[in-house]
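Here is the structure we will look at, set down as structure tokens.
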Amino acid sequence: MRRINIPVIVVLLALTAMQVSAQKVTKASSTVKMDAFINALIKKMTLEEKIGQLNLLTSDMAVTGPVMRKGYMEDIKAGRCGNIFNAFTPDYVRKLQQVAVDSTRLHIPLMFGFDVIHGHKTIFPVPLAMASTWDTAAIEYAARLSADEASADGLDWVYSPMVDIARDPRWGRVVEGAGEDPFLGSAIARAYVHGYQGTNLDTDSTVMACVKHFALYGAVEAGREYNAVDMGPRRMFQFYLPTYKAAIDAGAGSVMTSFNTINGVPATADKWLLTDLLRKKWGFKGFVVTDYGSMAELIPHGVAADKAQAANLAMHAGVDMDMMGMAYSGTLKELVKEGKVSIAEIDNAVRHVLEAKYKLGLFKNPYLRMNDDRAKEEIMSPDKLVFARKIARESIVLLKNDHDLLPLKKTGTIAVIGPLADDQRDMIGPWSGAGDWHKAVSILQGIKSAAGNQAVILYSKGANITEDTSMLRQLNSNGGDIVPSDKSPDELIKEAVETANKADVVVMCLGESQGMTGEAASRADIRIPACQRRLLRAVYKTKKPVVLVLSNGRPLVLTWENEHIHSILETWFLGTEAGNAIADILFGEYDPSGKITMSFPYAVGQIPVYYNELNTGRPRNPMQKYTSKYLDIPNAPVYPFGYGLSYTHFTFSNLTLDKNIMRPETPLHISVTLTNDGNDAGSETAQLYIRDMVASVAQPVKELKGFQKVFLKKGESKTLHFTLTANDLKFYDQQGKWVYEPGAFKVFVGGNSRDVLERDFRLEK
Ligand code: BGC
């Protein structure tokens, strides 16, 4: 190794210190400048103008393109509305901005927000799918590309990342998050924020992130949308709050409140949550916006009698901006007159909003993100499509592959059957606001173009997505798009069986429509819909080898499928390049490497089922009645957290700790050998878990504390290194303190949360 002499190091350190302190000085002086600018502006503002800055209104979409309701247009002109969402395309947004900048007294620019959740026009896989990549660099890059596109289309602010930890797949919104684990979820939350915001918000290609839904929305009771949340502080702090904190520590500029109550108090009116925790304890400096109408929903929640009381509660709790609740705009003036809300409180909220606009560079140039040339260059650019295909491939999880049925060979006759096969609409998922599904690649298209003329591809629809008329009515009530076939279910199945009989192998494309997941899409039965199960059984009876390709937005109950079907690929909703990515994996151009981030339950009755559970005083013993278990099903899910197969095979060996006794001040070094002993190159995600064996508060049987995704050539071995510090062993004690306690611990390493090697160590002071 080259030796570096000491004086050089000293000079380097001094230079670094100078750079850091220069950065601090620049930052401090830019904050002073911002403060002076905003103080001066606030001084000039009337109360009405201030209230306008706290108001967020929606634009609408007509067949002819985006339109603004007449009344809202008047509000913008009069300075009664400072922020718009659901408005994009440079031309349209420019027109609205011109109204604000030219017609209002103080020329304060509008800020434009939108639900850019997994891509703007180029649609990447749904967030639960992207989480399955365990590739935070790729997720950050997806957010970066989304920011490039969104900012080129007139947007300043995106309503992402959604970081709600969820253990209940009945809840449709699990599709928007990263799954059940706070450690992985936090890493992913940081990746999104860094991707969107970059290092400087004041550029034409960065956008402000909005962390949502604060807080605990993922824990709605029984998985029923908008339902109540009841949770003790330990579960809250250990499992559910870390992801929000991670996004905020990463610098997220805004936070959105959630629809749910927390222990009886709606999040939008929760002073403890929004002020004591978020601002005072966590030091959040950005602004807080409600979710859609959630300020007005304080009335049906039963904590406010009218909008005035709702606004009063929200303002005192720490909400800065009202999204479509019309509570601030309609009542704040009166509340000030009555002395219920002070001008200082309003100024405080206005300051948070104006600071965001300042940081976004909007006062310098209100048209910063409205550039037709950039729009032409950025939107759906070839590089984005290439990346969309790459991350889509990485998101696919191989759940089962008996007798190495996959990858398929491009020969003979392949039957592609199922309602999701020749389907573009569903591929882009439920939260793809600006995405054009006509540009999405269906599974059938992907398979056909990959196979070329090397194999014969047959197709049959086989079933509608669902025959449940009540569900269909609800799905279609919002302009849904499930178009049932003219043929009867029996006819469809008959045709499909005939098609299967002509083929060497059958690819069954089943699952959910995009509308069956996402917001307002809770399901009590999370199996594949009944008519599709009938189809699958009929095709299974032909005895043809069957590959099940699933498109869906949540963990499904796949107990029957896991017992009977040879190969199962979980492909979620993969976005614009879905079909191509699926074909890449089906034909073995790439090795599947995704790992699920939520447990797939054995039965709905098992929910919530998650890997980081407590042991109980009577851990399961199938031979003893009085232990913690079900009489009719196992405790374990069908597929555990972190699980996913590959076409090749990986073995973990030689799990070694550098010491048996760890002291708080010295990290524990862990190494393990990972060998690719299968027949292909491929990637494996090594996962490190710990268990605190004896603590003053019962600790989970496993907790993820590290992961590494590693690519290995066929036959290659690598030694992987992990480090644990005393900080990684901390938990909340009975006094709510974040502590580690000396004693016995276990370390586990493996390719999922179930199949692991383990070692013991002790922490001693
Ligand atoms: C959703 C949010 C979303 C907002 C704005 C709400 O219904 O809960 O996630 O950002 O609408 O579209």
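The values are calculated or read from the model by the stated rules, or taken from the named source; none is laboratory data. The model shown is predicted, which means the values in this text are computed figures rather than measured ones. Here the Cβ positions follow ideal geometry from the backbone for every residue, glycine too, while neighbour counts run over all protein chains shown. These area figures cover heavy atoms from the full protein model, side chains too; ligands, DNA and RNA do not enter into them. Shrake-Rupley method; radii C 1.70, N 1.55, O 1.52, S 1.80 Å.
S342 meets all of the listed conditions (1) away from the ligand (no atom under 16 Å from the Cβ); (2) buried (at least 23 other Cβ atoms within 10 Å of the Cβ); (3) farther than 14 Å from P266 by Cβ but one, namely (2). Looking at segment 440-531, the helices (runs of 4 or more DSSP H) lying wholly inside it that each contain 1 or more residues that are within 17 Å of T542 (Cβ to Cβ), in the same structural domain as I396 (by TED's automatic domain parsing) and at pLDDT 95 or above sit at 489-501.
Applying the set (1) within 16 Å of the ligand (Cβ to nearest atom); (2) touching a residue at least 12 places away in the same chain (Cβ under 8 Å) to A311 leaves exactly one unmet item: (1). A search for C-beta distances below 9 Å between a residue of segment 317-334 that is of a type in the set (V, I, T) and any residue that is open to solvent by 10 Å² or more (accessible area, probe 1.4 Å), counting only pairs 6+ apart in sequence or on different chains, returns V319/A269; V319/L313; T331/D306; T331/K307; T331/A308; T331/Q309; T331/N312.
Screening segment 261-379 for helices (runs of 4 or more DSSP H) wholly inside it with 3 or more residues that are under 25 Å from G223 (Cα atoms) and touching a Lys or Arg at 6+ places or on another chain (Cβ under 8 Å) returns no ranges. Regarding V701, is this residue within 31 Å of the chain's Cα centre (by Cα), touching a residue at least 24 places away in the same chain (Cβ under 8 Å), in the same structural domain as F731 (by TED's automatic domain parsing) and not in a strand (DSSP E or B)? Here the answer is yes, as V701 does meet what is asked. Among the residues making up segment 138-173, those that are closer than 28 Å to I526 by Cβ, more than 16 Å from the ligand (Cβ to nearest atom) and outside any helix (DSSP H, G or I) are R167, D168, P169, R170.
The residues listed here are A434, A415; of these, the one that is buried (at least 19 other Cβ atoms within 10 Å of the Cβ), of a type in the set (A, V, I, L, M) and within 16 Å of the ligand (Cβ to nearest atom) is A434.
For segment 710-737, taking the residues that are over 13 Å from M662 (Cβ atoms) and without any contact (Cβ under 8 Å) to a residue 24 or more places away in the chain, the one that is least open to solvent (accessible area, probe 1.4 Å) is identified as K730. Scanning segment 229-261 for residues that are within 16 Å of the ligand (Cβ to nearest atom) and not aromatic (F, W, Y) yields a count of 12. Note on segment 530-556: residues that are open to solvent by less than 10 Å² (accessible area, probe 1.4 Å) and either hydrophobic (A, V, I, L, M, F, W, C) or out of contact with any Cys (no Cβ under 9 Å at 6 or more places or on another chain) (or both) amount to 14. Residue pairs whose Cβ atoms lie under 9 Å apart, separated by 6 or more positions or on different chains, with the first residue in segment 160-178 and within 16 Å of P601 (Cα to Cα) and free of Cβ contacts under 8 Å to residues at least 12 places away in the same chain and the second open to solvent by less than 10 Å² (accessible area, probe 1.4 Å) and within 14 Å of the ligand (Cβ to nearest atom), do not occur.
Residues in segment 91-120 that are open to solvent by 10 Å² or more (accessible area, probe 1.4 Å) and touching a Gly at 6+ places or on another chain (Cβ under 6 Å) were compared, and the one that is farthest from the ligand (Cβ to nearest atom) is T104. Within segment 659-688, being within 30 Å of E589 (Cα to Cα) and open to solvent by less than 10 Å² (accessible area, probe 1.4 Å) holds for V672, L674, N676, G682, T685, A686, Q687, L688.
If you go through segment 370-390 and pick out every residue that is more than 27 Å from G446 (Cβ to Cβ) and crowded, with 17+ Cβ neighbours inside 10 Å, you end up with 4. Restricting attention to segment 264-295, the residues that are within 13 Å of the ligand (Cβ to nearest atom) and either among the basic types (K, R) or out of contact with any strand residue (DSSP E or B) (no Cβ under 8 Å at 6 or more places or on another chain) (or both) total 0. Which of the following residues is touching a Phe, Trp or Tyr at 6+ places or on another chain (Cβ under 6 Å) and either on the phi < 0 side of the Ramachandran plot or acidic (D, E) (or both): T597, T499, T517, T559? Among T597, T499, T517, T559, only T559 is touching a Phe, Trp or Tyr at 6+ places or on another chain (Cβ under 6 Å) and either on the phi < 0 side of the Ramachandran plot or acidic (D, E) (or both). Applying the set (1) farther than 22 Å from P489 by Cα; (2) among the hydroxyl-bearing types (S, T, Y); (3) over 28 Å from the mean Cα position of the chain (by Cα) to Y602 leaves exactly one unmet item: (3).
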